[in-house]
Amino acid sequence: MSTELIDRYRQVKKRVQQACEEAGRSSDDITLVAVSKTKPDEDILKLLSEGQLHFGENRAKALEDRMISVNEVKAIWHFIGNLQTNKIKYMVDRVNWIQSIHKKKALKEVEKRASDINRVINVLIQVNISKEDQKSGCEPDQLKGMLEYAQDLKFTKVQGLMGMATFADDPESVRPEFKLLKQVRDEHIHLNDGSVDLKHLSMGMTNDLEVAIQEGSTMVRIGTAIFGERN
Ligand SMILES: *Cc1c(COP(=O)(O)O)cnc(C)c1O
């Protein structure tokens, strides 16, 4: 069981490395976020001892519980799911990255809670790149206002954009969505100032990490290929 986990993990590292080579990029530029969801803490501890540091959860309560039960200072925690503003206060004392900020109100809440405890939180703004789900991120035309607002924040660092592609079996079919996220980033990069530095693009999951890396991803969020199928 655990050798399978480590084998799968090494396979994923290989896929990332190969995709980088083919795209003429350095694998140092890609952060691999292991998305554990319902899998046991034990798996996370094994991956930590294998050198994996970044872990993601898509549910606020699951992340909160996980950060406490794993309780490893070297682990770097990402929240990647649908974010309700009223849940921010429960994660802010331990989370390192919130990837799914989609409105100014959430930025404001992160800033308030983070400043209360004098802690800096990295965030990504989630942009809706899939035409299917209206709720997954802000619209590209809302981004400018959010970034201008974020420039003056002190405890909230906007490090880039995150996108969720449409669910599809054929990774080629989501290439235009990854291209769109990169294009939206390029169109807003002139707003880099103060606490805004759009250097990251979080895109790519188990099925489409190669295409995402070809299109400029700097963070891939991988669940199934590392932890195995979920129920
Ligand atoms: C579950 C999840 C992932 C990982 O998906 P896999 O296809 O299992 O790799 C990535 N991002 C988000 C937001 C998720 O909810």
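Where a number appears in this text, it was derived from the coordinates with a stated rule and is not lab data. Predicted model only: the values in this text are computed from it and were never measured. Please note: Cβ atoms are built from the backbone with ideal geometry, for glycine as well, and neighbour counts cover all protein chains shown.
Only Cα pairs under 8 Å and 6+ residues apart enter the sum, and on that basis the relative contact order of the chain stands at 21 percent.
Across the range 53-110, the relative contact order, built from alpha-carbon pairs under 8 Å that are at least six residues apart, equals 36 percent. Pairwise Cα distances in the range 2-227 exceed 32 Å for 14 percent of all pairs.
Seen from Lys104, the other residues with C-beta closer than 14 Å to its C-beta sum to a net charge of -1, counting Lys and Arg as +1 and Asp and Glu as -1. When each of the peptides 213-219, 105-111 is scored by the mean number of other C-beta atoms lying within 10 Å of its residues, the order from highest to lowest reads 213-219, 105-111.
Over the chain, dividing the summed -39,500 (n - 2.57) contributions of all DSSP H runs of at least 4 residues by the number of residues returns a 222 nm mean residue ellipticity of -11500 deg cm²/dmol.
When only C-alpha pairs under 8 Å and at least 6 residues apart count, what is the relative contact order of the range 162-206, in percent?
Details: 25 pairs, mean separation 23.7, N = 45.
Computed over the range 162-206, the figure is 53 percent.
Pairs with C-alpha atoms separated by more than 30 Å, drawn from the list Lys13/Lys89; Lys74/Lys157; Lys14/Lys103, are Lys13/Lys89; Lys14/Lys103. Considering only DSSP beta bridges with both partners in the range 2-227, what is the antiparallel share in %, to the nearest 5? The answer is about 5 percent antiparallel. Within the range 194-231, whose backbone N sits under 14 Å from a point 7 Å along Cα→Cβ of Arg8? Only 206-207, 222-231 pass the distance filter.
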